[in-house]
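Here is the structure we will look at.
The values are calculated or read from the model by the stated rules, or taken from the named source; none is laboratory data. Computed from a predicted model, the values in this text were never measured in an experiment. Glycine gets a Cβ as well: all are built from the backbone with ideal geometry, and neighbour counts include every protein chain shown. Accessible surface is based on the protein model in full, side chains and every heavy atom, while ligands, DNA and RNA are left aside. Shrake-Rupley method; radii C 1.70, N 1.55, O 1.52, S 1.80 Å.
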There are 2 protein chains.
Amino acid sequence: MKKEALSSSSSGCKTRILAIKDTMEILTGKWKFHIIGSLMLFEKLRFMELLREVDGIGAKMLSKELQDLEMNHLIRRTVLNTKPLTVEYELTDCGRTLGPIIDEIAKWGITYRKTLYHKSETSESLV
Amino acid sequence: MKKEALSSSSSGCKTRILAIKDTMEILTGKWKFHIIGSLMLFEKLRFMELLREVDGIGAKMLSKELQDLEMNHLIRRTVLNTKPLTVEYELTDCGRTLGPIIDEIAKWGITYRKTLYHKSETSESLV
DNA sequence: CAGGATCCTTTACGATACTG
DNA sequence: CAGTATCGTAAAGGATCCTG
């Protein structure tokens, strides 16, 4: 993968566009927002709990997404010395700063279903 | 792809999580937010302009993403009867309701670079 | 100019099994 | 329980050529 210093901004008005690109590079994939949203709601979750909570995800994907998020300092992974071992995941302070984004996305999702989805209910446009 | 009536909500507190899932299903991929962000800034853009604006995207992907967005009524495609023909893309009213999300994402991206990126500058964590 | 057709490579994602 | 290994499919992404 190429990487050009996380889009070194240029024309100023492009800063905004590049910021969007940066953010989305970190939050890429079907699952990241969903995982973060769950952790925002439940504070701490273990692997199996996340597996149930983030519905549809498989163990491999979850594992990989959690590693991505941890590398970007958005979540913290804590191994508890229990037997058999358990692991807790929680948002870091930085992860919590995603709150406003998650809020807007959730808000829009709710509205979208109400105002727009019925328009294409009979078509396949949302599939 | 399966589809279960766009996650018919259940326990109430899960509405929020499911709304996130719904939204992200419509806005999947690396490019959608980027495209919408560009259209939000420039009002109207032609295919070639988008190709330049959404940096890194190829013609095939752009074409496909634009179709997705149009199917979901987020953008409008207008063919102008010029010669050679030109096409304009712009946000619909519904597309414009994504404004707050885009704003938060852009805002976070700017902050993220300032506060967090330098922490992992020497590692590969963002690659 | 706006894109579709084709071909090919690389990730993303998923199901099943297996280990500390 | 918390994952990794392995295998396989489906999309993403790129290059080149082609058409209205």
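Using +1 at the C-beta of Lys and Arg and -1 at the C-beta of Asp and Glu, which of A:LEU80, A:LEU91, A:SER63 has the Cα lying farthest in the positive direction of the dipole of region A:14-96?
Comparing the listed Cα positions along the dipole, A:SER63 ranks first.
Too long at a 25 Å Cα-Cα cut-off: which of A:LYS30/B:LYS44; A:LYS44/B:LYS21; A:LYS114/B:LYS32; A:LYS21/A:LYS114; A:LYS114/B:LYS107; A:LYS21/B:LYS83?
A:LYS30/B:LYS44; A:LYS21/A:LYS114; A:LYS114/B:LYS107; A:LYS21/B:LYS83
Compute for chains B and A the buried accessible surface, both sides summed, probe 1.4 Å, and express it in Å² to the nearest 100.
5400 Å²
Computing the accessible area with a 1.4 Å probe over protein heavy atoms, can you report the carbon and sulfur percentage for region B:14-96?
Taking all protein chains in place, region B:14-96 shows 54 percent carbon and sulfur surface.
How much solvent-accessible surface does B:TYR112 expose, in Å² to the nearest 10, with a 1.4 Å probe and all protein chains in place?
Answer for B:TYR112: close to 10 Å² accessible.
One decimal, nm, shortest first: give the distances between the label point of B:LYS60 and those of the same position in the other copies, each label point 7 Å from Cα along Cα→Cβ.
For B:LYS60, the inter-copy label distances come out at 2.4 nm.
Give me a single rounded figure for A:93-102: the average over its residues of other chain Cβ atoms within 10 Å of their Cβ.
4
With a Förster radius of 25 Å, plug the Cβ-Cβ distance of B:GLU88 and A:THR115 into 1/(1 + (r/R0)^6) and report the FRET value to the nearest 0.05.
0.50
Identify the residue of chain B whose Cβ lies closest to the rotation axis that maps chain B onto chain A, and give that distance in whole Å.
B:GLU104, 3
For a quick size check, give me the Cα extents of region B:14-96 along its three principal axes, largest first, whole Å.
Ordered largest first, region B:14-96 gives principal extents of 52, 26, 20 Å.
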